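The values are calculated or read from the model by the stated rules, or taken from the named source; none is laboratory data. Remember, it's a predicted structure, so these values are computed and weren't measured experimentally. Note that each Cβ is placed from the backbone with ideal geometry, even for glycine, and that neighbours are counted across all protein chains shown.
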Amino acid sequence: MDNGEMSRDAAAWVENTIRDFIADSPRNTMEDGTDEAAWDDVLVGFASGADPIWQQYKEYIGAFHWTPWEVFNQHCPKETAAADELTVISWVLPQRKLVREANRRSRKYPAEQWARIRVYGEAFNVALRQHVVQRLGDAGHMAIPPMLVPNWAIVKSERFSYASSWSERHAAHAAGLGTFGLCDGLITQKGKALRAGSVIARISLDPTPRPYADHRAYCLFFANGTCGKCIDRCPARAITEAGHDKEKCRQHLGRSREYVAKTYQFEGYGCGLCQVGVPCEATIPVKSAREALERGELPPPPPPLA
Ligand code: SF4
Ligand code: SF4
């Protein structure tokens, strides 16, 4: 077996590990007293730890934003690795149709199903990260989940008001899974209503090609100056043609806690109104980009983030 075949086998094993956990784990639940699962589908992509995009993120987002090499070696001091020995395994969990439909009807605060996914669906996503780390470790591949390490932090940022030391959406973008929209969400082939996860592992997997030349290629507003539907969906006026005001969004999420406790009788929160009832809810709305992806076409190498 050559290196390419080994990498493809390993990639299939990783993807099956993720898919099997989604299919079989009792933790995949909305915790609403029914048999409804939180998630039923996944997109998986891989990015090399040596991809220059990680350094571009550092320069664009801030020095506090980790490269895979930095966070892996901080947390695996006995098994340090070079950047090109690492792979970022990224996944996207698209929101289920019933959850999207429920939140489409919301005008100010989240539907119960959406708030449940924000809490219990993300609890499953945490368990999924831990499971993938465990399975990789059992197979001899040290791995860490960057979102779950104790020094992961949200940091004040001049450019973005605040940002974090690792971003699941940016990892997914690096791993070929999607591009950013006007509201900051990640638009994937399954749309923008999603949660994402990742682990960094000492394993060699072929990187997933990024089928876009621009980090905003899938958003109609940036592709051809139309749409802007997420602006009207936001009850906090946190989205304008200038982009996403994270502080206004954060304050609205804070207010949603009281609503969720009072209305649905559990400790939760959420919003996501800008992720549903919009053309990018469940697909890539830019026809040319969607069709190029379906044909398996790749664009020329992307310019640096700007
Ligand atoms: S709703 Fe329209 S403008 Fe907003 S992110 Fe989606 S495609 Fe872009
Ligand atoms: S999550 Fe809610 S508050 Fe935040 S930008 Fe989207 S619609 Fe607005």
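For the reader, a short list of remarks on this structure follows.
- Here Gln275 passes the criteria (1) closer than 23 Å to Trp54 by Cα; (2) modelled with pLDDT of 95 or more; (3) surrounded by 15 or more Cβ atoms within 10 Å (Cβ to Cβ) except the one numbered (1).
- Yes/no for Glu281 being buried (at least 20 other Cβ atoms within 10 Å of the Cβ), among the acidic types (Asp, Glu) and within 11 Å of ligand 1 (Cβ to nearest atom): yes
- The lone exception for Glu5 - which of (1) part of a helix (DSSP H, G or I); (2) under 16 Å from Thr208 (Cα atoms); (3) modelled with pLDDT of 95 or more it fails: (3)
- Residue list for the stretch 225-279, restricted to those being over 26 Å from Val155 (Cβ atoms) and hydroxyl-bearing (Ser, Thr, Tyr): Thr226, Tyr259, Thr263, Tyr264
- Taking the listed residues Arg216, Arg202, Arg195, the one that is within 12 Å of ligand 1 (Cβ to nearest atom) and of a type in the set (Lys, Arg) is Arg216, with no other qualifying.
- Residue check: Ile154 meets all listed conditions (1) surrounded by fewer than 23 Cβ atoms within 10 Å (Cβ to Cβ); (2) under 17 Å from the mean Cα position of the chain (by Cα); (3) at pLDDT 95 or above but one, namely (3).
- Pick from the stretch 201-214, criterion among the aliphatic types (A, V, I, L, M) and in contact with a His (Cβ under 9 Å, 6 or more places away or on another chain), ranking: surrounded by the fewest Cβ atoms within 10 Å (Cβ to Cβ): Ile203
- Residue among Trp152, Trp69 that alone is within 17 Å of Ser198 (Cβ to Cβ), aromatic (Phe, Trp, Tyr) and assigned to a helix (DSSP H, G or I): Trp69
- Of all residues in the stretch 174-192 being surrounded by 24 or more Cβ atoms within 10 Å (Cβ to Cβ) and more than 14 Å from ligand 1 (Cβ to nearest atom), the one that is nearest to Asp41 (Cα to Cα): Leu177
- A single entry from Ala50, Ala37 fulfils the requirement of being in a loop (DSSP other than H, G, I, E, B) and either under 24 Å from His170 (Cα atoms) or in contact with a strand residue (DSSP E or B) (Cβ under 8 Å, 6 or more places away or on another chain) (or both): Ala50.
- Qualifying helices (runs of 4 or more DSSP H) (wholly inside the stretch 193-286; at least 2 residues being of a type in the set (A, V, I, L, M, F, W, C) and within 15 Å of ligand 2 (Cβ to nearest atom)): 229-233, 246-264
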